[in-house]
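Reviewing the structure listed below.
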């Protein structure tokens, strides 16, 4: 068993594809008595950081891109409720213990294909369709219209970054006004517009945004949002080593960073056809029971 421990400050989920590929390449070369030789990367992580700083500019420069993005988030998240009041099995404790449970289900291929077709019909993405459904569900469960959902974004806008190991991911707050009189297609149009605007202002680090917006901080909940939507559509990494059968050994850490986290992963066939999705609900056990 090979165990690789990487701190999140040094790598994100996207990094594991090049990391695994390089590990397998090195193994094959060493087994054959040689040493791995990799072509030099077009850019290093430090190049990315310097490019980001030059592109975004200074926060105190009113003409900088960073200042414009900060202004966007101040306006977008102005008046955001402190927390989303979902029906829980127990009162929220003063201090969250961060213990979590998980429940996994499979979305059938027929539903996956239908959702994808719906997205194409409305010039949206599958993520936007899922986001719309989750926002509508949370609005019904909470009895409120103002719904904030967090989501991670890869942060790799240039092809030259694809082979880099590093921490590029940022977290966005997607705020939606759910009109109970609107039908799903109308809400999807609204979500599409808001999501595109948020993705276009995705460079302000979430931690810095929290500092700037100064929401009421509490040890009982995550700031700005309490529900996270994670959508995995990364290409599957094949594991192949000479003389060995290789498989990944996943393990679950009983941790909940949020009240609820919905994780979706697409399964796509070799012909590009939808083959279903894996859905996992990670929940805070100090709020919810597994049956709930």
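Quick note: the coordinates plus some simple rules give every number you see, no bench work behind them. Predicted model, so just to flag it, every value in this text is computed and none were measured. Every residue, glycine as well, gets a Cβ built from its backbone with ideal geometry; the counts of neighbours run over all protein chains shown.
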Dividing the mean separation of Cα pairs under 8 Å (6+ apart) by the residue count of the chain yields a relative contact order in percent of 28
With viscosity set to 1.567 mPa s and temperature to 4 °C, compute the Stokes-Einstein D of the range 185-254, Rh being the Kirkwood radius across alpha carbon pairs; µm²/s, no decimals. 76
For the chain, find the longest principal axis of its Cα atoms and tell me its angle to the long axis of helix 126-142, 0 to 90°, nearest 10. 40
Per-residue ellipticity at 222 nm attributable to helices in the chain (runs of n ≥ 4 DSSP H, -39500 (n - 2.57) apiece, nearest 500 deg cm²/dmol) works out to -10500 deg cm²/dmol
Beyond 20 Å, what percent of the Cα pairs of the range 27-184 remain? 72
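When ranked by the protection proxy of mean other Cβ atoms within 10 Å per residue, highest first, what sequence do the peptides 135-146, 46-57 form?
Details: 135-146: 15.9, 46-57: 12.7.
Ranking, from highest mean packing down: 135-146, 46-57.
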Length gained when the stretch residue 245-residue 289 is fully extended (0.36 nm per residue, less Cα-Cα span): 12.0 nm
For the chain, the Cα gyration tensor yields equivalent-ellipsoid semi-axes (√(5λ), largest first, whole Å) of 34, 25, 21
Quick check: the angle from helix 45-56's long axis to the longest principal axis of the chain, C-alpha only, nearest 10 degrees? 30
Angle between the chain longest axis and helix 109-121 axis [Cα atoms, degrees, rounded to 10]: 70
I want to make sure I understand the PRE zone here: with the label point 7 angstrom from the Cα of residue 199 toward its beta carbon, which residues in the range 109-132 have backbone N atoms less than 16 Å away? 116-132
Using C-alpha positions alone, give me the convex hull volume of the range 119-261 per residue in cubic angstrom. 172
